[in-house]
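The values are calculated or read from the model by the stated rules, or taken from the named source; none is laboratory data. As the structure is a computational prediction, the values presented were derived from the model and not from experiment. Every residue, glycine as well, gets a Cβ built from its backbone with ideal geometry; the counts of neighbours run over all protein chains shown.
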Amino acid sequence: MRPRGSVCLIRSGQDWTDTAGDERETYLSDIEPNLRAGMDFLERDGTGVGCFANRYLTVLDEQGRPTERSYGLSWWRTLAELERWSESHPTHLAIFSSFGKMVAARGSTNLRLYHEVSVVGPDEQWFEYAGCHERTGLLGALDG
């Protein structure tokens, strides 16, 4: 499968390993639920805002146990649509607002966050799906 035009990939990570006390509690009770709601929205209804596919993943250790790290992985039709969602959609504003309140109250944070973004042209893409559900990954983008 080769999508038409360029596509945008973002991987957004969260690592709360070094948090403790009220910072950890704030992350787990305020920020992460907003993050999960945003990731669920993109997975379920993201095509309406330009997101072809989204997964919210937990990093596992060598024994397959969950760690205190997660990341969202999303494919977008364009970088502009990703930026539009991040600056104006209620689901992302809730994530950003809850994080901002925590930092404003604390002054600093041990929570580590990152965003890796790539935009790849049609000649740089190749997606292969064997025996998968018809809506797996970018297969759902074929009709859009």
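Data for the structure
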| item | result |
| --- | --- |
| The range 22-53, residues that are surrounded by fewer than 18 Cβ atoms within 10 Å (Cβ to Cβ), of a type in the set (Asp, Glu) and within 17 Å of Leu111 (Cβ to Cβ) | Asp22, Glu25, Asp30, Glu32 |
| Residues located in the range 135-144, provided they are under 22 Å from the mean Cα position of the chain (by Cα) and either in a loop (DSSP other than H, G, I, E, B) or at pLDDT 75 or above (or both) | Arg135, Thr136, Gly137, Leu138, Leu139, Leu142, Gly144 |
| Residue that is surrounded by the fewest Cβ atoms within 10 Å (Cβ to Cβ) [pool: residues in the range 1-21 that are charged (D, E, K, R) and at pLDDT 95 or above] | Asp18 |
| Residues of the range 9-32 satisfying the condition of being aromatic (Phe, Trp, Tyr) and part of a helix (DSSP H, G or I) | Tyr27 |
| Test: residue in the range 6-15 that is more than 24 Å from Phe127 (Cα to Cα), within 16 Å of the chain's Cα centre (by Cα) and touching a residue at least 60 places away in the same chain (Cβ under 8 Å) | yes |
| Subset of the range 71-89 that is in a helix (DSSP H, G or I) and either among the hydrophobic types (A, V, I, L, M, F, W, C) or touching a helix residue (DSSP H, G or I) at 6+ places or on another chain (Cβ under 9 Å) (or both) - its residue that is nearest to Gln14 (Cα to Cα) | Ser86 |
| Positions within the range 49-70 being aromatic (Phe, Trp, Tyr) and outside any strand (DSSP E or B), in sequence order | none |
| Top-ranked residue in the range 95-143 [being among the hydrophobic types (A, V, I, L, M, F, W, C), out of contact with any helix residue (DSSP H, G or I) (no Cβ under 9 Å at 6 or more places or on another chain) and surrounded by 12 or more Cβ atoms within 10 Å (Cβ to Cβ); ranked as farthest from Glu23 (Cα to Cα)] | Leu142 |
| Meets criteria (surrounded by fewer than 18 Cβ atoms within 10 Å (Cβ to Cβ), touching a residue at least 12 places away in the same chain (Cβ under 8 Å) and polar (S, T, N, Q)) for Thr58 | yes |
| Residues of the range 99-124 satisfying the condition of being more than 29 Å from Asp15 (Cβ to Cβ) and not in a helix (DSSP H, G or I) | Gly121 |
